[in-house]
Amino acid sequence: MKKILLGTIALLLVGSMVFAGGKKDAAKEEVVEFYHGFFHSESEWPPAKAMRDIYDEFAARYADGPVKFKAIPLETRDDMASAQIAGGNFPDIVDLGRPLSPSAISQGLVMDLKPYIDSNNLKAAVGINYVQNSVNGGVYSVHDQVENRGIWYNEAILRKAGVSINDLGTWDGFAKAMEAVRNLNDGSYGYIAGQGSVMMLAAHMAQTESGRKLVASELTTDVINSKEFENSFKAIAAMDKANGSAHTTVDTGNLMADFNTAGKVAVLNNGAWNASSVSKDMIGTLKPAIYPGNVSISSAGYGITISNKMSEAKKKVALDFLAYMVSPEVQEKIFTLVQATPCNSNVDLNKLAAQTTDPNTALLADACSQINNAQIVVKSLYYSWGNDVVNSLINAFMECAVSATDINQRFNQLKQELTALIS
């Protein structure tokens, strides 16, 4: 009996040692949590599933630890990041959809990615992030996809109106071409205004060097009171009024089917990503181009931002993830599967397009190529002036499209609104 009791005690001791060892190993295991915005179902938005698959492939590399990687879709990730910054913290990695708070940088909460980018020769891989996301000499965010914009046009409508894409090479030619479309009186119309008008405003201001500087800068009273801003706003507003208030919207997506499916709009202001929305029936009729004056809009956005408060082991995995996301392998998937513009400037989009039989992918490559090779490339006003300012601009353009609105009076009102916003 005594021997049995002693044996039992020995087994219990061994078991407790194993259990304690297990707890010790579990305590040593770390997890890098990555919050992203691709929460949509595959049926709702197929590219979201493609992005999640890309993240899962990286997580599989670290499945055995000691540091694991976990991608977490979260629609409210920007709010979560803001709340943590207010408390002096930052999530492990966030794919930010909003500007990074300056206090996150001043508090040392986020990593300066520039030393890693430089030492690993990733400048071309991160592309325009290197310049557009530079803050006081550092780079704190890298977006693996570039938001680039131009125009799309319906070749059949333009031909019927007696004009071609070449006539849209100047803003005067653009206005005359839209008038020719209206004169068809066949139910088609010129373009989708409102949100699209803000893109046209940036492209119009970009005609001059002084205008380009204003588009690239933060909104100030000097910008608001500048002749460049006034002249461009009034020029676009006059075209919007002629185009008609029925063809203006706060969100281009509300009327996008008129262009991509119904084929009754001559011009669409949208990004290269519109290629994936062109219906099969409209392939060969709907084509990409850039803004009058050989102008395109290209923005890095925000993107992957890494906490500076992690262990060195977790930081290593986080930086490995950054390198993975801008690698040619992943960037090619972002182009072919997500149908978005890669940030990596070394990726040969035309070569990728030649390897596919999908006509929408070929359209995407064409759009990206034209936007990237434009003589003048400017940042979107969403990123230089901010969402609140853009929303005010959209409202002003939409009101100017109403026939009874006095554009001069509405512009003076807009100046007051914008001045109050930045005060």
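Which one is surrounded by the fewest Cβ atoms within 10 Å (Cβ to Cβ), of the residues in region 34-57 that are among the acidic types (D, E) and under 23 Å from L319 (Cα atoms)? Checked region 34-57; the qualifying residue surrounded by the fewest Cβ atoms within 10 Å (Cβ to Cβ) is D56.
Residue count for region 210-239 satisfying the condition of being closer than 17 Å to Y382 by Cβ, among the charged types (D, E, K, R) and surrounded by fewer than 15 Cβ atoms within 10 Å (Cβ to Cβ): 1. Screening N274 with (1) out of contact with any helix residue (DSSP H, G or I) (no Cβ under 6 Å at 6 or more places or on another chain); (2) of a type outside the set (A, V, I, L, M, F, W, C); (3) more than 30 Å from S82 (Cα to Cα); (4) open to solvent by 30 Å² or more (accessible area, probe 1.4 Å) gives one miss only, at (4). So, of the residues in region 235-254 that are in a helix (DSSP H, G or I), touching a strand residue (DSSP E or B) at 6+ places or on another chain (Cβ under 7 Å) and polar (S, T, N, Q), which turns out to be farthest from S403 (Cα to Cα)? Residue satisfying both the conditions and the ranking: T252.
The residue that is nearest to A60 (Cα to Cα), counting only those in region 288-326 that are among the basic types (K, R) and surrounded by fewer than 19 Cβ atoms within 10 Å (Cβ to Cβ), is K316. In contact with a Cys (Cβ under 9 Å, 6 or more places away or on another chain) and either of a type in the set (G, A, S) or open to solvent by 50 Å² or more (accessible area, probe 1.4 Å) (or both): is that true of I165 in this structure? No, not satisfied.
Per-residue answers, yes or no, for (1) of a type in the set (A, V, I, L, M, F, W, C); (2) touching a Ser or Thr at 6+ places or on another chain (Cβ under 9 Å):
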residue: K264; (1), (2): no, yes
residue: V278; (1), (2): yes, yes
residue: I283; (1), (2): yes, no
residue: S296; (1), (2): no, no
residue: N308; (1), (2): no, no
residue: K314; (1), (2): no, yes
residue: L319; (1), (2): yes, no
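If you go through region 240-254 and keep only what is touching a helix residue (DSSP H, G or I) at 6+ places or on another chain (Cβ under 7 Å) and open to solvent by less than 40 Å² (accessible area, probe 1.4 Å), you end up with D240, N243, T248, T249, T252. Of all residues in region 113-124, those satisfying the criterion of being farther than 23 Å from A340 by Cβ and open to solvent by less than 60 Å² (accessible area, probe 1.4 Å) are K114, Y116. When the helices (runs of 4 or more DSSP H) confined to region 366-423 are screened for residues that are under 25 Å from V295 (Cα atoms) and touching a Leu at 6+ places or on another chain (Cβ under 6 Å), those reaching at least 1 such residues are found at 387-400. What residue, among those in region 66-94 that are part of a loop (DSSP other than H, G, I, E, B) and in contact with an Asp or Glu (Cβ under 6 Å, 6 or more places away or on another chain), is nearest to E29 (Cα to Cα)? Across region 66-94, the extreme among qualifying residues is P66.
Scan region 305-324 and give yes if some residue there is closer than 22 Å to A206 by Cα, aliphatic (A, V, I, L, M) and in contact with a Leu (Cβ under 9 Å, 6 or more places away or on another chain), otherwise no. No. How many residues are in contact with a Leu (Cβ under 6 Å, 6 or more places away or on another chain) and open to solvent by 40 Å² or more (accessible area, probe 1.4 Å) if we restrict to region 339-352? Number of matching residues: 0. For K280, the conditions (1) under 23 Å from Y55 (Cβ atoms); (2) out of contact with any helix residue (DSSP H, G or I) (no Cβ under 7 Å at 6 or more places or on another chain); (3) open to solvent by 50 Å² or more (accessible area, probe 1.4 Å) all hold with the exception of (1). When E29 is tested against (1) over 23 Å from the mean Cα position of the chain (by Cα); (2) loosely packed, with under 13 Cβ neighbours inside 10 Å; (3) modelled with pLDDT of 95 or more, exactly one condition is not met: (3). Taken together, G127, G138, G97, G150 contain a single residue that is at pLDDT below 95 and either open to solvent by less than 70 Å² (accessible area, probe 1.4 Å) or touching a helix residue (DSSP H, G or I) at 6+ places or on another chain (Cβ under 9 Å) (or both), which is G97. Looking for whichever is crowded, with 17+ Cβ neighbours inside 10 Å, within 27 Å of F58 (Cα to Cα), at pLDDT below 95 and polar (S, T, N, Q) here; the options are T336, T356. Which one fits? When all the criteria are applied, what remains is T336.
The values are calculated or read from the model by the stated rules, or taken from the named source; none is laboratory data. Owing to the predicted nature of the structure, the values given are computational and were not obtained by experimental measurement. Backbone-built Cβ (ideal geometry, glycine too); neighbour counts: all protein chains shown. Note: areas computed on protein heavy atoms with side chains; ligands, DNA, RNA excluded. Shrake-Rupley method; radii C 1.70, N 1.55, O 1.52, S 1.80 Å.
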